[in-house]
Amino acid sequence: MADLNTRARSTGSVAVPAIDAGLRAYMLRVYNYMLMGLALTGAAAFAVVNTPLWSLFFGADGMTALGWIALFAPLGMVMFLSFRIQHMSFATAQATFWIYAGVMGIALAPILLIYTGASVARVFFITAATFGAMSLYGYTTKRDLTAMGSFLFMGLIGIIIAMLVNMFLVSSMMDFVISVLGVIIFTGLTAYDTQKIKESYQVSLSGEVAGKLAIMGALRLYLDFVNLFLMLLRLLGDRR
């Protein structure tokens, strides 16, 4: 009996570190995908602004046909990944994510011309620090953030509606309120999404399924980071 108890304790002591190591590897994979996606977005935006590629997407009279495609394509690709990823191969899901990150860079390229380079860099580092702190909180907290996530999602729908309305009202006060609320919402969603990505990990997942799950987790965190950056830039960015 004593020997059986000793074996049980020994087995438990081995299993827990193994699970923790697998979870750390999974989360690291998610963060690596997200960071590479952000790097690709930044590189695409920089290339469009500083090369003749600009004229393909943005002309003297505004956006070209390719520019409008680049503006709305990311939304379509996010929906495509969300609804079809279970039926894709891992290679297809990964390629779609990279294409999405590159097209997003094209859509965001004009921001590099609206705001000064120094303010863009400053806000980027503020965003990175905020994102890192909240993602760490979401990973380590024992508190269930489900209720907070539901509340934040309703707030997200609210600010999307408010942004559409403000396209017609063009109210600077409403724009300020939307930006402040957006910072709060995407800061909270960073913690919530991190917790949900952590909870989605299972030791029994196959390599293909785990890979696609990591892609979707990276997409969620990527969207949190980009939207938090844009909201902070509206508040703190210096226009040219």
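Tabulated results
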{"quantity": "Qualifying residues in region 204-230 (those that are at pLDDT below 90 and among the small types (Gly, Ala, Ser)) - the one surrounded by the most Cβ atoms within 10 Å (Cβ to Cβ)", "calculated": "210"}
{"quantity": "Cross-chain or 6+ apart pairs with Cβ under 6 Å, region 212-235 first and more than 20 Å from residue 32 (Cβ to Cβ), then of a type in the set (Phe, Trp, Tyr) and buried (at least 23 other Cβ atoms within 10 Å of the Cβ)", "calculated": "227/186"}
{"quantity": "Pick from region 168-203, criterion surrounded by fewer than 21 Cβ atoms within 10 Å (Cβ to Cβ) and among the acidic types (Asp, Glu), ranking: nearest to residue 21 (Cα to Cα)", "calculated": "199"}
{"quantity": "Failed criterion for residue 201 (all others in (1) in a helix (DSSP H, G or I); (2) in contact with a helix residue (DSSP H, G or I) (Cβ under 6 Å, 6 or more places away or on another chain) hold)", "calculated": "(1)"}
{"quantity": "Checklist (1) within 28 Å of residue 73 (Cα to Cα); (2) modelled with pLDDT under 90; (3) surrounded by fewer than 19 Cβ atoms within 10 Å (Cβ to Cβ); (4) not β-branched (Val, Ile, Thr) applied to residue 153, failing item", "calculated": "(2)"}
{"quantity": "Every residue from region 209-240 that is part of a helix (DSSP H, G or I) and over 24 Å from residue 102 (Cβ atoms)", "calculated": "209, 210, 235, 236"}
{"quantity": "Checklist (1) closer than 18 Å to residue 221 by Cβ; (2) touching a Gly at 6+ places or on another chain (Cβ under 9 Å) applied to residue 126, failing item", "calculated": "(2)"}
{"quantity": "Condition check for residue 148: part of a helix (DSSP H, G or I), within 30 Å of residue 20 (Cα to Cα), modelled with pLDDT under 95 and among the hydrophobic types (A, V, I, L, M, F, W, C)", "calculated": "yes"}
{"quantity": "Residue check for residue 180: over 16 Å from the mean Cα position of the chain (by Cα) and part of a helix (DSSP H, G or I)", "calculated": "yes"}
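Yes/no matrix, rows are residues, columns are (1) at pLDDT 85 or above; (2) among the aromatic types (Phe, Trp, Tyr); (3) surrounded by fewer than 14 Cβ atoms within 10 Å (Cβ to Cβ):
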| site | (1), (2), (3) |
| --- | --- |
| 85 | yes, no, no |
| 105 | yes, no, no |
| 111 | no, no, no |
| 124 | yes, yes, no |
| 132 | yes, no, yes |
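The values are calculated or read from the model by the stated rules, or taken from the named source; none is laboratory data. What you see is a predicted model, and the numbers here were worked out from it, not measured in a lab. Neighbour counts are summed over all protein chains in view; Cβ atoms, including those assigned to glycine, are modelled from backbone coordinates with ideal geometry.
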